[in-house]
1. Can you tell which of Ser178, Ser171 is surrounded by 15 or more Cβ atoms within 10 Å (Cβ to Cβ), in contact (Cβ under 8 Å) with a residue 60 or more places away in the chain and small (Gly, Ala, Ser)?
2. Testing Pro147 on (1) open to solvent by less than 80 Å² (accessible area, probe 1.4 Å); (2) more than 20 Å from the chain's Cα centre (by Cα), one condition comes back false. Which one is that?
3. For the range 69-92, enumerate the residues that are open to solvent by less than 40 Å² (accessible area, probe 1.4 Å) and either within 21 Å of Ala6 (Cα to Cα) or under 13 Å from the mean Cα position of the chain (by Cα) (or both).
4. When the residues of the range 117-147 are narrowed to those that are acidic (Asp, Glu) and in a loop (DSSP other than H, G, I, E, B), which ends up farthest from Asp205 (Cα to Cα)?
5. Within the range 48-68, take every residue that is open to solvent by 40 Å² or more (accessible area, probe 1.4 Å) and over 17 Å from the mean Cα position of the chain (by Cα) and give me the one that is farthest from Thr84 (Cα to Cα).
6. Could you check how many residues of the range 169-211 are farther than 28 Å from Ala107 by Cα, in a loop (DSSP other than H, G, I, E, B), at pLDDT below 95 and not hydroxyl-bearing (Ser, Thr, Tyr)?
7. Only residues that are open to solvent by 10 Å² or more (accessible area, probe 1.4 Å), among the β-branched types (Val, Ile, Thr) and within 14 Å of the chain's Cα centre (by Cα): list them for the range 93-119, please.
Amino acid sequence: MKMFLASYRFGDHVDEFLALTGMPGRIAVIASAADGWPSTARQSAVATEVRDLRKLGFDPHELDLRSFVDRPAQLAKELDRYDTVWVRGGNTFVLRAQLSRSGADGAIARRVREGTLTYGGYSAGACVVSTTLRGVEVADDPDEVLPATSTKVVWDGLGLIDFAVVPHFGSILDDNGSGPKMVSQYELENIPYRTLTDEQVVVIDGELPIFL
């Protein structure tokens, strides 16, 4: 497996992302975590991701999961056009719901395990690959799922890692202090976790995670 998980963008380790992905090529940008935002805010978020990835030499294209609801075969075919996916932050539960509705959850997880797709994601994009999303509700509101996706909350993650990610730990972006609350809940429920500051990342190239 090849995975790059961050709290905010590339943290302080953009070189590690470039090393993991190899020669920059086509990269799918998934911004579904922002599907509950006003359209102008979502468009701006996508434009920022595309701009910054292009600066690194990639050929980025948005993969809008809303276009593949109940079309898993078409989603899988589209996904095969890319070597890497980049999943940005937002609401983890909205992201998870859209992954489920489109069939991208199974398609991405299978390709990452097979080694045919590199996964990069930050904040919600990092949280969603854990086994469970229990605890994330401290930071992200599950009630945003229904109005954004017309479906119910999915509480299981993609199961690609065996620990929960606590992003923005000690960051000014954590303006409601959700990080320590998530840690308290994980410790109470005996769920393995790792905190990430906005500078830190997790890199997996094989089986074992490396924390930087």
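1. Details: Ser178 fails: in contact (Cβ under 8 Å) with a residue 60 or more places away in the chain.
Sole residue among the options that is surrounded by 15 or more Cβ atoms within 10 Å (Cβ to Cβ), in contact (Cβ under 8 Å) with a residue 60 or more places away in the chain and small (Gly, Ala, Ser): Ser171.
2. (1)
3. Tyr82, Thr84, Val85, Trp86, Val87, Arg88, Gly89, Gly90, Asn91, Thr92 - these are the residues of the range 69-92 that are open to solvent by less than 40 Å² (accessible area, probe 1.4 Å) and either within 21 Å of Ala6 (Cα to Cα) or under 13 Å from the mean Cα position of the chain (by Cα) (or both).
4. Here is the first cut: in the range 117-147, the residues acidic (Asp, Glu) are 137, 140-141, 143-144.
Then drop every residue that is not in a loop (DSSP other than H, G, I, E, B), which leaves 140-141.
Numbers: Asp140: 29, Asp141: 32 Å.
Result: Asp141.
5. Kept after step one, since they are open to solvent by 40 Å² or more (accessible area, probe 1.4 Å), are these residues of the range 48-68: 51, 54-57, 59, 61-62, 66-67.
Narrowing the set further to residues that are over 17 Å from the mean Cα position of the chain (by Cα) leaves 51, 54-57, 59, 67.
Details: Arg51: 16, Arg54: 14, Lys55: 16, Leu56: 14, Gly57: 13, Asp59: 10, Ser67: 19 Å.
Taking the candidates together, the pick is Ser67.
6. 10
7. Hit for the range 93-119 is Thr118, nothing else.
For every residue, the table says whether it meets (1) part of a helix (DSSP H, G or I); (2) more than 23 Å from Ile161 (Cα to Cα).
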residue: Phe10; (1), (2): no, no
residue: Leu20; (1), (2): yes, no
residue: Trp37; (1), (2): no, yes
residue: Arg54; (1), (2): yes, yes
residue: Gly57; (1), (2): no, yes
residue: Val85; (1), (2): no, no
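The values are calculated or read from the model by the stated rules, or taken from the named source; none is laboratory data. Quantities reported herein were computed from a predicted structural model and do not represent experimental measurements. Because the Cβ atoms are built from the backbone with ideal geometry, glycine has one as well, and the counts that use them run over all protein chains shown. The protein model used for the area step is the full one, side chains on, heavy atoms only, and it has no ligands, DNA or RNA in it. Shrake-Rupley method; radii C 1.70, N 1.55, O 1.52, S 1.80 Å.
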